[in-house]
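So the structure is just underneath, and the comments pick up after that.
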Amino acid sequence: MMVQQVTPLKIIEEGQRLWDSDRQPAGCTHCHRTFLAHDSHIDSSCPLCRIGHLEPQALQINPAEPERMLPFRIKTEHLRSIFTQFSSGVWIKPEDFTTENLFQRTQKIYWPLWLVDSDVKGQWQMEAGFDYQVESSKEYFQDSQWRSRKIVEDRIRWEPRLGGIKYHVDNVPVPALEEHQNRQQMTGAYRLENAGPFHLDQSNDALIEAPDLPPTDAWPLAKPQVNKKLSQVCAEASGAQHSRNFSITAKYQNLNWTQFLLPMYTSYYQDDEGTPQILVINGETGEIQGPRLASQKRGWRIAAIIGGIAAVLLLLALLGFLISPIFPPASILAVFSGIFGFTAGIGALIPAIWPSQWNRKNQSPVIIKRD
Amino acid sequence: MTEHPNHETQITIEGFEQVDSLVSSVTVYAPKSKPSEEEQSRVYDCPNCGATTAYDVAGGGVACEHCGYISPVKSKTLGKIADEFEFTLETISQAERGWGIKRQGLHCNACGAELSLPQGVISTSCPYCASNQVNLTTSLEVFIQPRFLIPFKITIEQTHQLSKTWLGKGWFHPDELSASSVIRRFSGIYLPFWTFDANVTAHWKAQVGYQKTVRHYNASQKRWETRTKIEWRWENGTVPINIDDHLVTGSSSQHISHKILEQIYPYQMKDLTAYHPDYLAGWQAQAYETTLTDAWETGKQAIREAAKEACYQDIPTSHVRNFSMTADFADESWRYILLPVYLAAYKFEDKTYQIMVNGQTGLVAGQKPVAWWKIWLAIGAFLLPGLILGLIGLPLLLVGGAGILPIGAGIILFGIGIVLSIMLYNKARQSEAK
Ligand SMILES: [Zn+2]
Ligand SMILES: [Zn+2]
Ligand SMILES: [Zn+2]
């Protein structure tokens, strides 16, 4: 299938400014993700790996301004409660894992989808589904009497339809990142119908992630989406409410690729080893996702303190026993400190064991949805 | 990129035709709707000699009596696979509208006469030119057209023989009935019927009684006694019932006796054939008078009674109280069909009696006069033994206690005689009833 690209990609030189703003192409030194960054973002740590930092670099992208965006519905002031809820489930947290830290390290990011336009000309066929209703009934017999209740049921009648189509498909969303599927899983679903036109000033305080999946590679993913849209059009043309087994032989011409930006926040905390753990928040729904780890180091420390107390108590008990022949009341002290010491000794095991058990269960990212 | 002008018009898929599209840049093709040829009025005359032709049962085709020309009917026997239709709201609202009371006009395509037909008559022969005509559009007010029928399998000649035999059966009719009754010409008519299918799930709930024998000590008699008592338990159950081709007549009971009609059931649905006007040529046919919804109401009532019967069958004992149930209908479907019936009347001693013959199976039913003197004689014979025993016992009772035996036996025999008499009387009355 030949794909005609109306909007070719262009090399944007290092330091070259885009869209009458101070945005310039930049990339992460570690994960090599690419962004359109303000000057203030240059040299800051990469919000998606928190290992590398952003450096200006040349990029091959579509230089046109994005066409549409989904605004941040979750404001920064909402984030504190989201972070508190996220971290509150962990008992012995790493010292770095605090609401305040997460809040301070928040970075706003817009990440991209392609929007494809195309002129389609071809022949289609499908099974068109038409809604209709049938009457059924339920009969009741009680106290030697029949009562009847009519029930209306909805059914679909499937009929073959075919025909020709000459149609302009507009703004079909298609992945623009290699890691799209992974990203979609991290952010959860967006309600794309809430999107509006792109405004440069609305994106001021955010990093904009650049597409790394060129249209030629994205087209195989886009075509089924375009065809899905066409199947809806053909069902509508047939006066049908449903369609299935849609197939089309068509020419797709005048493909036009623009961008659609989706909002997300990232933040992070460092675990025991100092490795950054990235949290992702959907900027529209507030769904948060990321690893939620406990601190084994702090677990050991608490265990050591309780263990120390236990040792002191057990020593006291021993002492009490030794002097009880001379001073009998000391035996009471010995018994009590013996019991407490023993209990504390066993109790010290809990903080020692708990973090590793918790982390084993919480290896995969935790999702907290909001309504 | 090269343009392909007119490529929308290149679609030539067999069996499809262009239909309206709700989107201007899309063309839509749908399967061609079947040409409704049966809705045209048809005149039956012989292509050889021009004489009037009619459907011939023995020949299985449209035949000319004049020159012997015969053409077989181009129609398929479908049997049980004949389409069934759903109770869509659309069908129901159209069916409920029913049809008007105006008489139908038919223009004779053979001689040009304007005919006036009684309500619902589908086929006729022109009184002026004697051409046989079949025209569904004459019953234009009827929304639903018959799609299937069972053709006549029994010829008029067979009908006469079958009915003679039938008249000769049974001892309490006049002996000369078979010999002397004059059967007026049998007329074959296709009568309208509805068939219904449904899957019914019946749930019942009731208190079921179980007979228990209990032993108890009778203090006054100073002994153990047993007596039975019924223990009641709440139980419930589910019974699936499959209703297949439940038949409801579409004729009004004013025109056709439902009682006699039901006696010539059943019809074998395996012979169900796609409707073709040829079958009706020269025969009478009647469109439905009972609407789909009314017929379904009748059918549903019979089906739910059958469901109730099935529920009682499901209960392990015969002791039942506080019975309640639900019958949940699903997959309901219907067919509108024509079934072959011969109608006739015969005169016997100045009274007219109705008779019907199943045009497919030859089963005969109808009214039959009763020789009442035979009935009274039989009733006398039933009652006499009891009376005699009683009469013998009475004087014996005066003499000594021995009379008690014949009197007891007499009363029992008399009782049996009464029951038999009532049964016979009813049977005789039924035989004459319309
Ligand atoms: Zn990075
Ligand atoms: Zn002829
Ligand atoms: Zn005529």
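Students often forget the sequence filter, so: which lysines lie under 16 Å Cα-Cα from B:LYS300 once same-chain residues fewer than 8 apart are removed?
Hits, sequence-local ones excluded: A:LYS138, A:LYS150, B:LYS308.
Mind checking the mean number of beta-carbon atoms from other chains within 10 Å of the Cβ atoms in A:156-166?
Values: counts 0, 2, 0, 2, 6, 7, 8, 13, 13, 7, 6.
Neighbouring Cβ atoms belonging to other protein chains average 6 per residue here.
Anything over 23 Å Cα to Cα? Flag those among B:LYS164/B:LYS351; A:LYS108/A:LYS361; B:LYS164/B:LYS427; B:LYS80/B:LYS205, in the order listed. Kindly include the intermediate steps, with their values, before the conclusion.
On the way: B:LYS164/B:LYS351 18 Å; A:LYS108/A:LYS361 30 Å; B:LYS164/B:LYS427 21 Å; B:LYS80/B:LYS205 35 Å.
Among B:LYS164/B:LYS351; A:LYS108/A:LYS361; B:LYS164/B:LYS427; B:LYS80/B:LYS205, the Cα-Cα distance tops 23 Å for A:LYS108/A:LYS361; B:LYS80/B:LYS205.
Report the B-A buried area as the accessible area lost on both sides summed, probe 1.4 Å, in Å² to the nearest 100. Write down the numbers at each step before the final one.
Numbers: alone 25030 and 19990 Å², together 41590 Å².
The contact between A and B buries close to 3400 Å².
Quantify, in whole percent, the carbon and sulfur part of the accessible surface of the range A:75-218 (1.4 Å probe; protein heavy atoms only).
On the way: 3020 of 6810 Å².
Here carbon and sulfur together make up 44 percent of the probe-accessible area.
Classify chain A: rounded, prolate or oblate, from the alpha-carbon gyration tensor (a ≥ b ≥ c, eigenvalue square roots; a/c under 1.5 rounded; otherwise prolate if a/b is larger than b/c)?
On the way: a/c = 3.82, a/b = 1.56, b/c = 2.44.
Oblate, since a/c reaches 1.5 and b/c is not below a/b.
Roughly speaking, what is the centre-to-centre gap between the range A:61-118 and the range B:329-351 when only Cα atoms are used, to the nearest Å?
78
Roughly how many Å² is the accessible area per residue of chain A, as a whole number, for a 1.4 Å probe?
Numbers: 18270 Å² over 371 residues.
Heavy-atom SASA per residue in chain A reads 49 Å².
Assign one of three labels to the protein assembly as shown, namely rounded, prolate or oblate, based on the Cα gyration tensor with a ≥ b ≥ c the square roots of its eigenvalues; rounded applies when a/c is under 1.5, prolate when it is not and a/b is larger than b/c, and oblate otherwise. Could you put the intermediate results ahead of the total?
Numbers: a/c = 5.45, a/b = 1.58, b/c = 3.45.
Note, shape of the protein assembly as shown comes out oblate.
So what J values fall out for the range B:160-167 if you push phi through Karplus, 6.51 cos²θ - 1.76 cosθ + 1.60 with θ = phi - 60°, rounded to Hz, Gly and Pro as x?
Result, ordered by residue: 4, 5, 4, 6, 4, 4, 4, 5 Hz.
So what is the relative contact order for chain A, in percent, with contacts set as C-alpha pairs under 8 Å and at least six apart? It would help to have the intermediate numbers written out before the result.
Numbers: 742 pairs, mean separation 83.3, N = 371.
With pairs under 8 Å counted, the relative contact order is 22 percent.
Scan chain A and note any complete DSSP helix (H) whose C-alpha atoms cover at least 24 Å along its axis and whose Kyte-Doolittle average is 1.0 or more.
Details: long enough: A:215-237 (31 Å, -0.47); A:296-323 (40 Å, 1.65); A:330-347 (25 Å, 1.74).
Counting only whole DSSP H runs, the qualifying helices are A:296-323, A:330-347.
Rounded to whole Hz and in sequence order, give me ³J(HN,Hα) for the range A:272-289 from the Karplus expression 6.51 cos²θ - 1.76 cosθ + 1.60, θ = phi - 60°, writing x for Gly and Pro.
Each residue of the range A:272-289 in turn: 3, 7, x, 7, x, 10, 7, 10, 10, 10, 5, x, 9, 9, x, 5, 10, 8 Hz.
So for the range B:373-432, what percent of the C-alpha to C-alpha distances run longer than 16 Å? If you can, show how the numbers build up before the last one.
Numbers: 864 of 1770 pairs.
Here the long-distance tail beyond 16 Å is 49 percent of all Cα pairs in the range B:373-432.
Got a number for the accessible area of B:GLU349? Probe 1.4 Å, square angstrom, nearest 10.
140
With just the Cα atoms defining each centre, how far is the range A:29-52 from the range B:50-92? Give it in Å.
With the range A:29-52 and the range B:50-92 each reduced to a Cα centre, they are spaced 83 Å.
List the GluC sites (Glu not before Pro) in the range A:66-103 that DSSP assigns to loop (not H, G, I, E or B) and whose Cβ has at most 12 other Cβ atoms within 10 Å. Which are they?
Working: sites: A:GLU67, A:GLU77, A:GLU95, A:GLU100; in loops: A:GLU67, A:GLU95.
Qualifying residues, ordered by number: A:GLU95.
Within straight cross-link reach of B:LYS74, meaning Cα distance under 28 Å, which lysines are found once same-chain residues fewer than 8 apart are removed?
B:LYS32, B:LYS34, B:LYS153, B:LYS270
Under 8 Å for C-alpha pairs, at least 6 residues apart: give me the relative contact order for the range A:170-251, rounded to a whole percent. Mind showing how you got there, number by number?
On the way: 32 pairs, mean separation 36.2, N = 82.
That works out to 44 percent.
With a 1.4 Å probe and every protein chain kept in, tell me what percent of the accessible surface of the range A:297-368 is carbon plus sulfur. List each step's numbers first, then the result.
Numbers: 3880 of 4840 Å².
Ligands and nucleic acids excluded, carbon and sulfur reach 80 percent.
With θ set to phi - 60° and the Karplus curve 6.51 cos²θ - 1.76 cosθ + 1.60, what are the ³J(HN,Hα) couplings of the range A:96-111 in order, to the nearest whole Hz, using x for Gly and Pro?
6, 8, 10, 3, 5, 4, 4, 5, 5, 8, 5, 10, 7, 9, 9, 10
Defining a contact as two alpha carbons under 8 Å apart and six or more residues distant in sequence, what relative contact order in percent does the range B:373-432 show?
Details: 60 pairs, mean separation 24.8, N = 60.
Result for the range B:373-432 is 41 percent.
Taking only protein heavy atoms and a 1.4 Å probe, what accessible area per residue, in Å², does the range B:373-432 have with all protein chains in place? Working shown, then result.
Details: 4040 Å² over 60 residues.
On a per-residue basis, 67 Å².
Mind checking the range A:22-108 for trypsin sites (Lys or Arg not before Pro) that DSSP puts in a loop (not H, G, I, E or B) and that have at most 16 other Cβ atoms within 10 Å?
On the way: sites: A:ARG23, A:ARG33, A:ARG50, A:ARG68, A:ARG73, A:LYS75, A:ARG80, A:ARG105, A:LYS108; in loops: A:ARG23, A:ARG33, A:ARG50, A:ARG73, A:LYS75, A:ARG105.
Passing both the DSSP loop test and the Cβ count: A:ARG73, A:LYS75.
Can you list which of the trypsin sites (Lys or Arg not before Pro) found in the range A:163-229 are DSSP loop residues with at most 10 other C-beta atoms within 10 Å? Display every interim value, and only then the final one.
Details: sites: A:LYS166, A:ARG183, A:ARG191, A:LYS228, A:LYS229; in loops: A:ARG191.
Counting only loop positions with at most 10 other Cβ atoms within 10 Å, the trypsin sites (Lys or Arg not before Pro) in the range A:163-229 are A:ARG191.
The values are calculated or read from the model by the stated rules, or taken from the named source; none is laboratory data. Bear in mind that the values here come from a model prediction, so they are computed numbers and not experimental data. Positions of Cβ are backbone-derived with ideal geometry, glycine not excepted, and every protein chain shown enters the neighbour counts. Quick note on the areas: whole protein, heavy atoms, side chains included, nothing else; ligands and nucleic acids left out. Shrake-Rupley method; radii C 1.70, N 1.55, O 1.52, S 1.80 Å.
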